[in-house]
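Read the figures in this text as sums done on the coordinates, not as results from a lab. Just so you know, these numbers come straight off a predicted model, no measurement behind them. We place every Cβ from the backbone using ideal geometry, glycine too, and count neighbours over all the protein chains shown.
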Amino acid sequence: MNSSPAKPPSPTTTQLCLTALPGLPLIGPGDDLSGLILEALARAGLSLLGGDVLIVAQKVVSKAEGRQVDLARVQPSPQALQLAQETERDPRLVQVILNESKQVLRARPGLIVVEHRLGFVCANAGVDHSNVAGEGWVLMLPQDPDASARRLRADLERASGAGLGVLIIDSHGRAWRTGTVGVAIGVAGFPALLDLRGRPDLYGEILMSTQVGLADELAAAGSALMGQADEGRPVIHVRGLPYPLRDGSLAELLRPRQEDLFR
């Protein structure tokens, strides 16, 4: 990440419009997600314009990329067996969680908190059974969500001729608050971190430490419209972002370990 603080212009619009795209089918391995998004945009009467952003639920990306796992085919290791006993979880599920993790940070019955192989901390390494068809099947996060976002962006820009941003989001809990919120796990063509250091406030005081997790702010807004259960709204179109797009990545949002006061 560039260490010199950027100084983005002041917001140029005061209205942000989010639209859940209608009629997307249940996604399966190998499905053309960008093509399905373009069809859903047409159904919504939307044409992509420069500066638009697509917020895409992790689950549909993972499904299209074949990230499902049949627990019947998983052989748990001794470590998984031990952790399964401590957490009262299926040892096969625990093994999948370990496969997706760098380190187990906390564990209690029903919950394993890990540092994911992608660098962030989350529950159960993002491995989930909700909205996954088939008894004993679970879904992992995309192998490389930034790369997934870049591919979607390239396909949609090629089809539309517009410069776009793409966010892939997931629902994460927070250490000191209850409830999950949407956060970005994959970023393409979007300013994930907005550095306002050096900008004046309303009274002319210079901001010294303000950095805004813009990708997470927009992810949370998109997640509120997507829903968490049977809503079937996995893609959100955004228009009116008050900041210019630029190249971005998940790495911008990950706090360096030397600055982490809690681990």
Given all pairs of different Cα atoms, what value in angstroms does the Kirkwood hydrodynamic radius of segment 68-139 take?
12.0
Can you give the alpha-carbon Rg of segment 103-255 over 2.2 N^0.38 Å, where N counts its residues?
1.16
Label points 7 Å out from Cα along the Cβ direction at VAL212 and HIS129: separation in nm?
4.1
What order do you get for CYS17, CYS122 when you list them from fewest to most C-beta neighbours inside 10 Å?
CYS17, CYS122
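Which order do SER101, SER160, SER62 fall in if you start with the one that has the fewest other Cβ atoms within 10 Å?
On the way: SER101 20, SER160 16, SER62 25.
Lowest count first: SER160, SER101, SER62.
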Read-out mean projected area of the Cα convex hull in nm², candidates (1) 17.7; (2) 15.3; (3) 12.8; calculated match is (2)
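Please find the FRET efficiency linking ARG177 to LEU105, where r is the Cβ-Cβ separation and R0 is fixed at 22 Å, and quote it to the nearest 0.05.
Using R0 = 22 Å, I get an efficiency of 0.80.
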Given the Cα-Cα distance of ARG246 and GLN85 and 0.36 nm per residue of separation, how much length would full extension add, in nm?
53.3 nm
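Say a site is exposed when it is one of the GluC sites (Glu not before Pro), sits in a DSSP loop, and has at most 16 other Cβ atoms within 10 Å; what is then the longest site-free stretch of the chain? Don't jump to the answer; show the numbers that get you there.
Details: sites that count: GLU88, GLU135, GLU205, GLU231.
Answer - 1-87.
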Between ARG197 and PHE262, what is the FRET efficiency for a Förster distance of 30 Å, r being their Cβ-Cβ separation, to the nearest 0.05?
0.85
Sort VAL96, VAL132 by Cβ crowding within 10 Å, fewest neighbours at the top.
VAL132, VAL96
What FRET efficiency, computed as 1/(1 + (r/R0)^6) with R0 = 30 Å and r the Cβ-Cβ distance, is obtained for LEU46 and LEU26, rounded to the nearest 0.05?
0.85
